[in-house]
Amino acid sequence: MQRIIGYGNRTGWLVLAVLFLLILLPLAAVIIQVLLPGVFFGKLVLGDLSLLLDVFRRPLWYVSLKNSVLLGIGTTFFATIIGAALAMVRSRWSFPTAKMLDIAVWLLIITPSFILAQGWVMFASADGLASSWFGWTWMHALIFQPAGLITVMTLSKFPFAYLTVYTAMEWKVDRLSEAARLSGASPWTVWRTIQAPLLLPAFCSGAMLVFMDTVGDFGLPASIAAVFRFPTLPYSIYSALYTSPIRFDMAGALSFYLVLLIALAMSVQLYAMRKSRFDFLSSRATRTEAKKPKKGTPWFVLGNLVFLAIVIGIPLGSNLLMSVSDSSAAAGTVSFTLEHYKQLFTSGGALVSGLLHSLEIAAGAAVIGLVIGFLIAYVLTYSQFRGRKAIDVISLISLAVPGIVLGIGYIFIWNQAWSDKIGLLLYGTPWILILASVAGTVPVITRVVVSAMAKVPAQLLSAAQMQGASFTQRVTTILVPLIKGALLSAALTAFGAAVFDLAIASILYPPNFMTLPVVINKAFEDLKFGYAAAATLTGGGLVIAIIALMELLFKYNKKQARSSAHESHS
């Protein structure tokens, strides 16, 4: 047993050091840059903390902060209401097309925000689909204003609230509601006084996820900037690095406020959840089962289809239609063409090289991230390492911290003169993209692998070690075969996420090393909507095909292994 604990401690320290290097050090560098500006570039001077107050004096900084807060609060309020309402309806009622809502929720989560935002721009811009196809000229003014952008963001972010509330309603204890109904309480009173308070942790968690993902979102402002000026903190940070001269002081100060907003959101959630106890499940709890409504089924179906047509049909359908629309056609006419797809392979090969680069980066990040995530999950599941809680928290930080802030930190850390002398000058090389992508994918990989490892008893590994099996033998002959399905899912999830990470790619891509998200975004900024849509669908389709092929190969090999085992047994 001492050997097991000792090995767990060594692995724990190793994992802690890797997480510090990948996540904590870059974040600390952002704060240090504010306190000691220029320290990462050979100038040791005390920072002027009044720079932090300049956010209230400089117009661009102030507008960026105000827009981020407005967008975050507005989206959080409406997305939480919509997501929670849909989750409660979905958990209670079963109706045709209900499964389509579940699929749409996951599709919105895995689709990069800049692709969704670009779809809305293609639909609602002055010469977009709404105006040219349907004559809805009023759509441009409706969408491209603060309230319209909150609406667009709400329809993209509500799945976070939906999933947290829907998961929380998996089990129910009807005796509380039944006692209230027997006392004369109306259904509304029962929900308001019993069910809603018990779901408070789910509401808070969903709201926090929506707020963090909204204020840290780089994709929407980057896409909206093509037709409407709405600066936010992430986009202003990006602009600070691509102006002349480069404003590292501005990027550091705005990053500080972005991290502060996210920290405040997490604090509010912790405060709300510590006020009361919510562990109400008992042995009388039963699994929630959706029932068919006694009446009104057509209204459920119609309302669901209309909602899906808006949240899925507009952003993704606009990309599809724009990719085959002839922009040179006369106004008021509809003409289809494949010219945009032809341009993908005849315009200097930008898409092909960008796609290959993104696939290489994503593959490297998935492999490295899987190794790190596996070790983290092993420490969290099987070791007695005292720093397990710290490892768990750090591995989640990169989920909360926007990629734009993480990218700033990587510039500060990996763009040092001394690192060039020892061969570690990673800035300006593809390796910095891989490291940053690993930092972003580790939390997802860890959660997937931990859930799988929790089903494997520690006694199996302990028994193997008592028989003299090394760590490598225990992992390769016992643990990996039992959770290989989860490992594949984690790797493919990380791969797909890394391909379309616009924030990291925009900040850190080396010269003459374009990636797929950058190619798409630059085409969009140049108002080449058809080309951008065709590139999005081509790149996304190829990535989905790769993921599907890997899953089919895994299932085929698994089936072959079962057949071989059955034949040998016979």
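Examine segment 414-428 for a residue that is modelled with pLDDT of 85 or more, on the phi < 0 side of the Ramachandran plot and aliphatic (A, V, I, L, M), and state whether such a residue exists.
No.
Restricting attention to segment 131-163, and to residues there that are among the polar types (S, T, N, Q) and closer than 21 Å to P112 by Cβ, which single residue is nearest to the chain's Cα centre (by Cα)?
S156
Search segment 467-482 for residues being out of contact with any helix residue (DSSP H, G or I) (no Cβ under 9 Å at 6 or more places or on another chain) and part of a helix (DSSP H, G or I), and hand back the single one that is surrounded by the fewest Cβ atoms within 10 Å (Cβ to Cβ).
T472
If you check N512, N557, which single one turns out to be without any contact (Cβ under 8 Å) to a residue 60 or more places away in the chain, loosely packed, with under 12 Cβ neighbours inside 10 Å and either touching a strand residue (DSSP E or B) at 6+ places or on another chain (Cβ under 9 Å) or assigned to a helix (DSSP H, G or I) (or both)? Working first, answer last.
On the way: N512 fails: either touching a strand residue (DSSP E or B) at 6+ places or on another chain (Cβ under 9 Å) or assigned to a helix (DSSP H, G or I) (or both).
Being without any contact (Cβ under 8 Å) to a residue 60 or more places away in the chain, loosely packed, with under 12 Cβ neighbours inside 10 Å and either touching a strand residue (DSSP E or B) at 6+ places or on another chain (Cβ under 9 Å) or assigned to a helix (DSSP H, G or I) (or both) holds for just one of N512, N557, which is N557.
Among the residues of segment 203-225, write down those that are closer than 14 Å to M266 by Cβ, of a type in the set (A, V, I, L, M, F, W, C) and over 12 Å from the mean Cα position of the chain (by Cα).
C204, A207, M208, F211, V215
Given (1) buried (at least 20 other Cβ atoms within 10 Å of the Cβ); (2) of a type outside the set (S, T, N, Q); (3) modelled with pLDDT of 90 or more, identify the lone condition not met by G148.
(1)
(1) touching a residue at least 40 places away in the same chain (Cβ under 8 Å); (2) in a helix (DSSP H, G or I); (3) more than 18 Å from T75 (Cβ to Cβ): which one isn't true of A240, the others all being true?
(1)
Which residues, counting only those in segment 155-179, are modelled with pLDDT of 85 or more and crowded, with 24+ Cβ neighbours inside 10 Å?
S156, K157, F158, P159, F160, A161, Y162
In segment 483-509, how many are β-branched (V, I, T) and surrounded by fewer than 20 Cβ atoms within 10 Å (Cβ to Cβ)?
Here is the first cut: in segment 483-509, the residues β-branched (V, I, T) are 483, 493, 499, 504, 507.
Those still in the list that are surrounded by fewer than 20 Cβ atoms within 10 Å (Cβ to Cβ) too: 493.
Count: 1.
Checking D249 against (1) at pLDDT below 75; (2) in a loop (DSSP other than H, G, I, E, B), which test does it fail?
(2)
Among the numbered conditions (1) touching a helix residue (DSSP H, G or I) at 6+ places or on another chain (Cβ under 8 Å); (2) modelled with pLDDT of 90 or more, tell me where V371 comes up short.
(1)
From the residues in segment 515-546 that are outside any helix (DSSP H, G or I) and free of Cβ contacts under 8 Å to residues at least 12 places away in the same chain, which one is nearest to T111 (Cα to Cα)?
In this case the residue turns out to be K528.
What is the one condition in (1) surrounded by 15 or more Cβ atoms within 10 Å (Cβ to Cβ); (2) modelled with pLDDT under 90 that P59 does not satisfy?
Against the list (1) surrounded by 15 or more Cβ atoms within 10 Å (Cβ to Cβ); (2) modelled with pLDDT under 90, P59 comes up short only on (1).
Suppose the filter is out of contact with any helix residue (DSSP H, G or I) (no Cβ under 6 Å at 6 or more places or on another chain) and in a helix (DSSP H, G or I); does L549 pass it?
Judged against the criteria, L549 is a match.
The values are calculated or read from the model by the stated rules, or taken from the named source; none is laboratory data. Predicted, not measured: the structure shown is a model, and the values here were computed from it. Here Cβ is always computed from backbone atoms with ideal geometry, including for glycine, and neighbour counts include all displayed protein chains.
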